[in-house]
Structures are given as C-alpha cells and as structure tokens.
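Right, one structure below, let's go through it.
We did not get these values from a lab; they are worked out from the coordinates using the rules stated. The model shown is predicted, which means the values in this text are computed figures rather than measured ones. As a convention, Cβ positions derive from the backbone with ideal geometry for all residues, glycine included, and neighbour counts pool all protein chains shown.
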Amino acid sequence: MKSFDTWNYEQVEDAFGIFSVENNLNLDNWLKAENCEPNELETTLLSHYRKLLLKEVKNWNEDELKLFFIGPILGLVDFNTEHFKPFTQRTLSIQKGDISASGKVDFMLAKGKILPKIPYFCLHEYKQENRRDNDPLGQLLIGMVAAQAKNNDDLPIYGCYVSGRNWFFTLLEGNQYCISNAYNASDEDIVKIFAILKKCKLLVDIHAQ
C-alpha cells in the first residue's frame, strides 16, 4: 500500500491511465464562476485575509497557512449544505490490480454525515511557498482518482491544490484532467478564487441531489 504523500503526478498518470489536456469545457464553466461574486461583507473580509496573506505567506508553516488563511476562506464560502458537507483529514483508498494507495485528503466535499460516502471535491495540500520536497499536484491527483473510483459514476471530480499564495483548480473527467493557471490569493485574484469556490458549491450541490 503506497501512501498518497509519496506520489508525483507522472506516477499517477502511469498507474491509473490518466493524462493532462489543455482545455476542458466543464473546467472553463467552473472557472467563469458566473453570478458568484462576493457581497459587500465578503469583499471586506477577503480584503482583510488578502492583506494578512501578503504579510505572512513567507513566514507561515503549513498549519499556519491552513489555520489563518485557507480555513477562513473556506469557512466564508460555507460548504455545509443539506446534500453534502466538508470533511478534513479523511482517508481515501484505491486498488487497481496490484497497485494500491491510501492516504488522507486535507479537505473534501462529500455526501455523508460521519464518513465521506461520495466525494465530489478534493483540496490538497496546504503547502508553504518555500517547500519543494513533494508534489502537491501528484497528491491531489491520487486523491481525485481515488474519489472517482469510489463513486464509480461519470460525474467529474473537482479539485484544487494550494502552494503558498497560488491556487490551482483542477477537474478530472474520465481519464482526462485539466489544470487552471495559478490564481494569486495575495492580489485581486482572491475575489476570483472565492467566486470559483462558490461556483464549486453550486455545481457539487447539483451532483449531490
């Protein structure tokens, strides 16, 4: 059993037969985030968190980045709904032939009350900017592949990985995945990041009903 935190993206591609594409219509629709702009209060709070990130991003470790920035942004979106809820540090696993992997996903949206039954969105991993000793894309992809296998349906899996101030949104559909350009949360991109997360909430709600 190979742990999620040891995978890089090429190993995930080779082991599970997925590959990267430059464009995906569902990802494009997600990133447009239409009608998901923050309201006045949300805009004020986003400005506060943006300034805090700009000041501290080079100083924070992973837990501090998670506690003081990523957590508040996710909380502001409020992913608790009738049909799904957020889970943190929950384990997913996958088995394909003689290949097996298991690991904890930092944040996921899934149907279920105590345990995540049907995962729709994975966020991985909280990572400060000055670390280069692992592959956040690889760890995100292995989690998304495991979620896809668990669900065993044709619905896309949404994902995001964070590297310091940079957010990358990813969509896995069938055996193809597509990654957005970086959104810099320490500048005005934070408004777009928030809108994309709100759009994800709406899309997942449609899938979960």
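Worth a mention:
- The value of relative contact order for the chain, using C-alpha pairs under 8 Å at least six residues apart, is 28 percent.
- Of Lys51/Lys111; Lys85/Lys199; Lys113/Lys201; Lys2/Lys111, pairs whose Cα-Cα distance is over 23 Å: Lys51/Lys111; Lys2/Lys111
- Of all lysines in the structure, the ones whose alpha carbon falls short of 17 Å from that of Lys55, not counting any fewer than 8 places away in one chain, are Lys66, Lys127.
- 0 to 90° range, to nearest 10: angle between helix 189-208 axis and the chain longest Cα axis: 50 degrees
- Diffusion constant of the chain at 37 °C, which comes from Stokes-Einstein with the Kirkwood Cα-pair radius and 0.692 mPa s, µm²/s: 191 µm²/s
- FRET efficiency for Asn23 and Lys55, using Cβ-Cβ distance with R0 set to 41 Å, rounded to 0.05: 0.70
- Highest-MSF residue in the chain out of Leu45, Leu197, Leu74 [GNM, Cα springs under 10 Å]: Leu45
- Rounded to the nearest whole Hz, the Karplus-based 3J(HN,Hα) values (6.51 cos²θ - 1.76 cosθ + 1.60, θ = phi - 60°) of segment 66-80 follow the sequence 5, 6, 9, 10, 5, x, x, 5, 5, x, 5, 5, 6, 8, 7, with x at glycine and proline.
- If you take the Cα centroid of segment 46-66 and the Cα centroid of segment 1-45, the two points sit 21 Å apart.
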